[in-house]
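Some notes on the structure that comes next.
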Amino acid sequence: MKKFYAIIHLLVLLLAAGSLVQAQIVLPDLSPFSTITQKIGFNEVRIEYSRPSVRGRVIFGELVPYNKIWRSGANQSTKMFIREELTIQDQYKLVPGTYAIYTIPGKEEWTIIFNRDAWLWGNFAYNEGSDAIRIKVKPQQLKEQVETFTIDFANVCSSCAEVELKWDYTKVSFRISSSIDDKVMEDIKKFTTNPEGRIAGEYYLSAKYYLDTDRDLKQAMEWIDKALKLAPGAYWMTHTKAEIYAKMGNYREAIETAQLSIKEAREKNDEDYVRINEMEIAKWKAVKKEIK
(Lines give C-alpha, C1' and ligand atoms only; values in the text may rest on other atoms or scores of the structure.)
Protein backbone atom coordinates (compact mmCIF):
# COMPACT_ATOMS: atom_id res chain seq x y z
CA MET A 1 0.00 0.00 0.00
CA LYS A 2 2.83 2.38 0.90
CA LYS A 3 4.37 1.70 -2.49
CA PHE A 4 1.05 2.53 -4.17
CA TYR A 5 0.78 5.88 -2.33
CA ALA A 6 4.39 6.68 -3.17
CA ILE A 7 3.66 6.18 -6.87
CA ILE A 8 0.53 8.38 -6.63
CA HIS A 9 2.54 11.08 -4.83
CA LEU A 10 5.22 10.97 -7.53
CA LEU A 11 2.60 11.30 -10.29
CA VAL A 12 1.06 14.33 -8.56
CA LEU A 13 4.47 15.98 -8.32
CA LEU A 14 5.16 15.30 -12.00
CA LEU A 15 1.79 16.74 -13.02
CA ALA A 16 2.40 19.82 -10.90
CA ALA A 17 5.83 20.32 -12.43
CA GLY A 18 4.34 19.99 -15.91
CA SER A 19 1.71 22.59 -15.07
CA LEU A 20 4.42 24.99 -13.91
CA VAL A 21 6.32 24.53 -17.16
CA GLN A 22 3.17 25.11 -19.19
CA ALA A 23 2.33 28.18 -17.12
CA GLN A 24 5.51 30.06 -18.13
CA ILE A 25 4.59 33.43 -19.61
CA VAL A 26 6.33 34.65 -22.76
CA LEU A 27 6.07 38.37 -23.50
CA PRO A 28 6.87 40.07 -26.81
CA ASP A 29 10.13 41.96 -27.02
CA LEU A 30 9.72 45.67 -26.28
CA SER A 31 12.43 46.33 -28.90
CA PRO A 32 11.65 43.89 -31.74
CA PHE A 33 14.45 42.58 -33.93
CA SER A 34 14.44 43.69 -37.58
CA THR A 35 16.46 43.06 -40.74
CA ILE A 36 16.65 45.20 -43.88
CA THR A 37 18.50 44.29 -47.08
CA GLN A 38 19.34 46.32 -50.16
CA LYS A 39 21.19 45.52 -53.38
CA ILE A 40 23.76 48.25 -54.07
CA GLY A 41 25.35 47.68 -57.46
CA PHE A 42 26.66 44.11 -57.30
CA ASN A 43 26.88 44.36 -53.53
CA GLU A 44 24.32 43.21 -50.98
CA VAL A 45 24.02 45.25 -47.79
CA ARG A 46 22.11 43.85 -44.81
CA ILE A 47 21.46 45.65 -41.53
CA GLU A 48 20.23 43.88 -38.39
CA TYR A 49 19.01 45.90 -35.41
CA SER A 50 16.49 46.08 -32.58
CA ARG A 51 13.80 48.77 -32.55
CA PRO A 52 13.02 50.53 -29.26
CA SER A 53 10.03 52.90 -29.06
CA VAL A 54 9.62 56.35 -27.53
CA ARG A 55 6.76 55.38 -25.18
CA GLY A 56 6.42 58.93 -23.86
CA ARG A 57 10.09 59.35 -22.97
CA VAL A 58 12.54 62.10 -23.86
CA ILE A 59 14.96 60.33 -26.20
CA PHE A 60 18.04 62.27 -27.26
CA GLY A 61 19.73 64.10 -24.43
CA GLU A 62 18.11 61.93 -21.74
CA LEU A 63 17.38 58.27 -22.55
CA VAL A 64 20.18 58.42 -25.12
CA PRO A 65 22.73 60.89 -23.68
CA TYR A 66 24.53 63.34 -25.91
CA ASN A 67 28.24 62.84 -26.57
CA LYS A 68 28.28 59.20 -25.44
CA ILE A 69 28.49 55.94 -27.37
CA TRP A 70 25.10 54.51 -28.33
CA ARG A 71 24.42 51.05 -29.78
CA SER A 72 22.12 52.63 -32.42
CA GLY A 73 19.13 50.64 -31.30
CA ALA A 74 18.65 48.19 -28.43
CA ASN A 75 19.90 44.83 -27.18
CA GLN A 76 22.83 43.63 -29.31
CA SER A 77 24.81 46.15 -31.30
CA THR A 78 23.37 47.10 -34.68
CA LYS A 79 25.19 45.19 -37.43
CA MET A 80 25.88 45.83 -41.11
CA PHE A 81 26.88 42.95 -43.38
CA ILE A 82 28.52 43.67 -46.75
CA ARG A 83 29.61 41.18 -49.40
CA GLU A 84 31.90 43.46 -51.42
CA GLU A 85 33.84 46.64 -50.80
CA LEU A 86 31.54 49.52 -49.86
CA THR A 87 32.24 53.25 -49.97
CA ILE A 88 30.90 55.48 -47.18
CA GLN A 89 30.24 59.17 -47.88
CA ASP A 90 32.02 58.84 -51.25
CA GLN A 91 35.46 58.63 -49.63
CA TYR A 92 35.87 55.95 -46.94
CA LYS A 93 36.26 52.29 -47.90
CA LEU A 94 34.89 49.32 -45.97
CA VAL A 95 36.20 45.89 -46.93
CA PRO A 96 33.73 42.97 -47.06
CA GLY A 97 32.67 41.77 -43.64
CA THR A 98 30.44 42.51 -40.67
CA TYR A 99 30.52 45.78 -38.74
CA ALA A 100 28.78 47.12 -35.66
CA ILE A 101 27.23 50.55 -36.23
CA TYR A 102 27.69 52.74 -33.17
CA THR A 103 26.80 56.40 -32.93
CA ILE A 104 27.65 59.35 -30.72
CA PRO A 105 24.60 61.62 -30.83
CA GLY A 106 25.05 65.36 -30.40
CA LYS A 107 22.83 68.42 -30.62
CA GLU A 108 24.68 69.83 -33.63
CA GLU A 109 26.68 66.83 -34.89
CA TRP A 110 26.64 63.04 -34.75
CA THR A 111 29.54 60.64 -35.10
CA ILE A 112 28.75 57.40 -36.90
CA ILE A 113 31.17 54.56 -36.21
CA PHE A 114 31.75 51.32 -38.10
CA ASN A 115 33.44 48.94 -35.67
CA ARG A 116 34.98 45.54 -36.40
CA ASP A 117 33.75 44.01 -33.09
CA ALA A 118 30.30 43.25 -34.42
CA TRP A 119 29.12 40.62 -31.96
CA LEU A 120 29.02 42.56 -28.69
CA TRP A 121 25.97 43.07 -26.52
CA GLY A 122 25.20 46.75 -26.79
CA ASN A 123 28.14 49.07 -26.30
CA PHE A 124 29.39 47.82 -22.94
CA ALA A 125 32.63 46.34 -24.31
CA TYR A 126 33.06 48.86 -27.15
CA ASN A 127 36.72 49.33 -28.09
CA GLU A 128 37.67 52.41 -30.09
CA GLY A 129 40.78 50.58 -31.31
CA SER A 130 38.52 48.32 -33.38
CA ASP A 131 36.96 51.21 -35.29
CA ALA A 132 37.22 50.85 -39.06
CA ILE A 133 35.72 54.23 -39.95
CA ARG A 134 34.32 57.27 -38.16
CA ILE A 135 32.30 59.92 -39.97
CA LYS A 136 30.57 63.13 -38.91
CA VAL A 137 27.01 63.96 -39.98
CA LYS A 138 24.49 66.68 -39.17
CA PRO A 139 21.20 65.69 -37.52
CA GLN A 140 17.95 66.82 -39.12
CA GLN A 141 14.78 67.83 -37.29
CA LEU A 142 11.70 65.88 -38.38
CA LYS A 143 8.24 67.48 -38.56
CA GLU A 144 6.50 64.27 -37.53
CA GLN A 145 7.52 61.98 -34.70
CA VAL A 146 8.92 58.52 -35.45
CA GLU A 147 7.67 56.46 -32.51
CA THR A 148 9.79 53.35 -33.18
CA PHE A 149 13.48 53.60 -34.03
CA THR A 150 13.85 52.98 -37.75
CA ILE A 151 16.77 52.32 -40.08
CA ASP A 152 16.04 52.21 -43.78
CA PHE A 153 17.45 52.77 -47.25
CA ALA A 154 16.42 55.92 -49.13
CA ASN A 155 17.26 57.63 -52.44
CA VAL A 156 18.34 54.28 -53.88
CA CYS A 157 20.10 54.29 -57.25
CA SER A 158 21.71 51.44 -59.18
CA SER A 159 24.94 51.71 -57.18
CA CYS A 160 24.16 53.90 -54.15
CA ALA A 161 21.71 54.68 -51.36
CA GLU A 162 21.28 56.75 -48.23
CA VAL A 163 21.09 54.88 -44.93
CA GLU A 164 18.72 56.78 -42.62
CA LEU A 165 18.45 56.43 -38.83
CA LYS A 166 15.22 57.98 -37.51
CA TRP A 167 13.79 58.20 -34.02
CA ASP A 168 11.53 60.63 -32.24
CA TYR A 169 12.01 63.93 -34.12
CA THR A 170 15.60 63.31 -35.24
CA LYS A 171 17.09 61.85 -38.42
CA VAL A 172 20.70 61.28 -39.46
CA SER A 173 21.87 59.68 -42.68
CA PHE A 174 24.97 58.64 -44.56
CA ARG A 175 25.62 57.68 -48.17
CA ILE A 176 26.80 54.24 -49.24
CA SER A 177 27.95 53.30 -52.73
CA SER A 178 29.48 50.36 -54.53
CA SER A 179 31.70 50.60 -57.59
CA ILE A 180 30.21 48.94 -60.65
CA ASP A 181 31.96 50.77 -63.47
CA ASP A 182 35.16 48.71 -63.63
CA LYS A 183 33.22 45.43 -63.67
CA VAL A 184 30.72 46.59 -66.31
CA MET A 185 33.42 48.08 -68.56
CA GLU A 186 35.44 44.87 -68.29
CA ASP A 187 32.38 42.84 -69.34
CA ILE A 188 31.65 45.20 -72.24
CA LYS A 189 35.24 44.94 -73.44
CA LYS A 190 35.16 41.14 -73.27
CA PHE A 191 31.94 41.00 -75.26
CA THR A 192 32.73 43.58 -77.92
CA THR A 193 36.18 42.12 -78.63
CA ASN A 194 34.87 38.55 -78.90
CA PRO A 195 33.88 37.87 -82.54
CA GLU A 196 31.91 34.76 -81.52
CA GLY A 197 29.74 36.55 -78.99
CA ARG A 198 27.43 38.60 -81.19
CA ILE A 199 24.26 38.77 -79.08
CA ALA A 200 21.66 41.50 -79.57
CA GLY A 201 21.00 41.90 -75.85
CA GLU A 202 24.68 42.42 -75.07
CA TYR A 203 25.04 45.11 -77.74
CA TYR A 204 21.92 46.77 -76.33
CA LEU A 205 23.20 46.71 -72.73
CA SER A 206 26.58 48.06 -73.84
CA ALA A 207 24.91 50.94 -75.71
CA LYS A 208 22.59 51.64 -72.76
CA TYR A 209 25.47 51.78 -70.31
CA TYR A 210 27.41 54.18 -72.52
CA LEU A 211 24.29 56.34 -72.81
CA ASP A 212 23.55 56.33 -69.08
CA THR A 213 27.15 57.11 -68.08
CA ASP A 214 27.74 59.87 -70.67
CA ARG A 215 30.38 57.99 -72.62
CA ASP A 216 31.12 57.85 -76.37
CA LEU A 217 27.67 58.31 -77.97
CA LYS A 218 28.92 57.43 -81.45
CA GLN A 219 30.07 54.08 -80.08
CA ALA A 220 26.72 53.67 -78.31
CA MET A 221 24.92 54.33 -81.60
CA GLU A 222 27.08 51.76 -83.40
CA TRP A 223 26.21 49.12 -80.80
CA ILE A 224 22.48 49.88 -80.76
CA ASP A 225 22.40 49.62 -84.57
CA LYS A 226 24.07 46.20 -84.33
CA ALA A 227 21.55 45.16 -81.67
CA LEU A 228 18.61 46.21 -83.85
CA LYS A 229 20.06 44.44 -86.86
CA LEU A 230 20.12 41.23 -84.82
CA ALA A 231 16.71 41.89 -83.22
CA PRO A 232 14.54 43.94 -85.61
CA GLY A 233 11.35 45.28 -84.07
CA ALA A 234 12.73 45.33 -80.51
CA TYR A 235 10.91 48.53 -79.56
CA TRP A 236 12.80 49.04 -76.28
CA MET A 237 16.04 49.06 -78.26
CA THR A 238 14.53 51.48 -80.78
CA HIS A 239 13.59 53.71 -77.84
CA THR A 240 17.19 53.66 -76.59
CA LYS A 241 18.34 54.65 -80.08
CA ALA A 242 15.97 57.63 -79.88
CA GLU A 243 17.48 58.58 -76.52
CA ILE A 244 20.99 58.46 -77.99
CA TYR A 245 19.91 60.76 -80.82
CA ALA A 246 18.42 63.18 -78.28
CA LYS A 247 21.57 63.21 -76.18
CA MET A 248 23.55 63.98 -79.32
CA GLY A 249 21.26 66.97 -79.85
CA ASN A 250 19.65 65.49 -82.96
CA TYR A 251 16.02 65.94 -81.89
CA ARG A 252 14.49 65.44 -85.34
CA GLU A 253 15.99 61.93 -85.60
CA ALA A 254 15.13 61.29 -81.93
CA ILE A 255 11.45 62.09 -82.52
CA GLU A 256 11.25 60.02 -85.71
CA THR A 257 12.93 57.05 -84.00
CA ALA A 258 10.61 57.32 -80.97
CA GLN A 259 7.62 57.32 -83.34
CA LEU A 260 8.95 54.08 -84.82
CA SER A 261 9.29 52.67 -81.30
CA ILE A 262 5.61 53.55 -80.67
CA LYS A 263 4.57 51.66 -83.80
CA GLU A 264 6.63 48.61 -82.80
CA ALA A 265 5.34 48.72 -79.20
CA ARG A 266 1.72 48.86 -80.35
CA GLU A 267 2.27 45.81 -82.50
CA LYS A 268 3.33 43.99 -79.31
CA ASN A 269 0.51 45.55 -77.21
CA ASP A 270 2.95 47.30 -74.87
CA GLU A 271 1.11 50.51 -73.98
CA ASP A 272 3.67 51.40 -71.29
CA TYR A 273 6.35 51.92 -73.92
CA VAL A 274 3.87 53.83 -76.07
CA ARG A 275 3.34 56.29 -73.21
CA ILE A 276 7.07 56.53 -72.45
CA ASN A 277 7.82 57.39 -76.07
CA GLU A 278 4.98 59.90 -76.25
CA MET A 279 6.29 61.72 -73.17
CA GLU A 280 9.82 61.79 -74.59
CA ILE A 281 8.55 63.10 -77.95
CA ALA A 282 6.67 65.94 -76.20
CA LYS A 283 9.78 66.84 -74.23
CA TRP A 284 12.05 66.77 -77.29
CA LYS A 285 9.60 68.83 -79.36
CA ALA A 286 9.64 71.50 -76.64
CA VAL A 287 13.44 71.54 -76.57
CA LYS A 288 13.59 71.64 -80.37
CA LYS A 289 11.18 74.60 -80.37
CA GLU A 290 13.31 76.48 -77.82
CA ILE A 291 16.44 75.93 -79.91
CA LYS A 292 14.71 77.46 -82.94
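The values are calculated or read from the model by the stated rules, or taken from the named source; none is laboratory data. From a predicted model like this one, the values you see are computed outputs, not experimental measurements. Note that we place each Cβ from the backbone using ideal geometry, even for glycine, and neighbour counts take in every protein chain shown.
Structure summary
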{"item": "Residues that are in contact (Cβ under 8 Å) with a residue 24 or more places away in the chain, of a type in the set (A, V, I, L, M) and over 23 Å from Asp225 (Cβ atoms), drawn from segment 254-290", "result": "Val287"}
{"item": "Selection count, segment 107-152, where residues are modelled with pLDDT under 95 and either in contact with a Ser or Thr (Cβ under 8 Å, 6 or more places away or on another chain) or under 17 Å from Asn75 (Cα atoms) (or both)", "result": "10"}
{"item": "Residue identified as modelled with pLDDT of 95 or more, assigned by TED's automatic domain parsing to the domain that holds Ile135 and either surrounded by 17 or more Cβ atoms within 10 Å (Cβ to Cβ) or assigned to a strand (DSSP E or B) (or both) among Glu62, Glu48", "result": "Glu48"}
{"item": "Counted residues, segment 160-202 - those being in contact (Cβ under 8 Å) with a residue 40 or more places away in the chain and of a type in the set (A, V, I, L, M, F, W, C)", "result": "9"}
{"item": "From the options Ala207, Ala242, Ala161, residue that is under 27 Å from Ile40 (Cβ atoms), at pLDDT 95 or above and assigned to a helix (DSSP H, G or I)", "result": "Ala207"}
{"item": "Which numbered condition Thr98 misses (of (1) surrounded by fewer than 19 Cβ atoms within 10 Å (Cβ to Cβ); (2) in contact (Cβ under 8 Å) with a residue 60 or more places away in the chain)", "result": "(2)"}
{"item": "Any hit, segment 224-245, residues being of a type in the set (D, E, K, R), under 30 Å from the mean Cα position of the chain (by Cα) and over 30 Å from Glu62 (Cβ atoms)", "result": "yes"}
{"item": "Flag for Ser173 being assigned by TED's automatic domain parsing to the domain that holds Lys39, touching a Ser or Thr at 6+ places or on another chain (Cβ under 6 Å), closer than 30 Å to Arg116 by Cα and surrounded by 14 or more Cβ atoms within 10 Å (Cβ to Cβ)", "result": "no"}
{"item": "Per-region count, segment 123-147, residues in a loop (DSSP other than H, G, I, E, B) and closer than 23 Å to Ser173 by Cβ", "result": "4"}
{"item": "Of all residues in segment 194-237 being of a type in the set (S, T, N, Q) and in contact with a Phe, Trp or Tyr (Cβ under 9 Å, 6 or more places away or on another chain), the one that is surrounded by the most Cβ atoms within 10 Å (Cβ to Cβ)", "result": "Ser206"}
{"item": "Among the residues listed as Ser179, Ser130, the single one being out of contact with any Lys or Arg (no Cβ under 9 Å at 6 or more places or on another chain) and not aromatic (Phe, Trp, Tyr)", "result": "Ser179"}
{"item": "Single condition Cys157 does not satisfy, out of (1) surrounded by 14 or more Cβ atoms within 10 Å (Cβ to Cβ); (2) free of Cβ contacts under 8 Å to residues at least 60 places away in the same chain", "result": "(1)"}
{"item": "Search result, residues across segment 257-291 that are within 15 Å of Met237 (Cβ to Cβ) and among the β-branched types (Val, Ile, Thr)", "result": "Thr257, Ile262, Ile276"}
{"item": "Residue match in segment 185-201 (condition: at pLDDT 95 or above and more than 30 Å from Leu63 (Cα to Cα))", "result": "no"}
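Okay, residues lined up against (1) outside the structural domain of Phe42 (by TED's automatic domain parsing); (2) of a type outside the set (Lys, Arg); (3) within 19 Å of the chain's Cα centre (by Cα); (4) over 17 Å from Glu164 (Cα atoms):
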residue: Gly97; (1), (2), (3), (4): no, yes, yes, yes
residue: Tyr102; (1), (2), (3), (4): no, yes, no, no
residue: Ile112; (1), (2), (3), (4): no, yes, yes, no
residue: Gly122; (1), (2), (3), (4): no, yes, no, yes
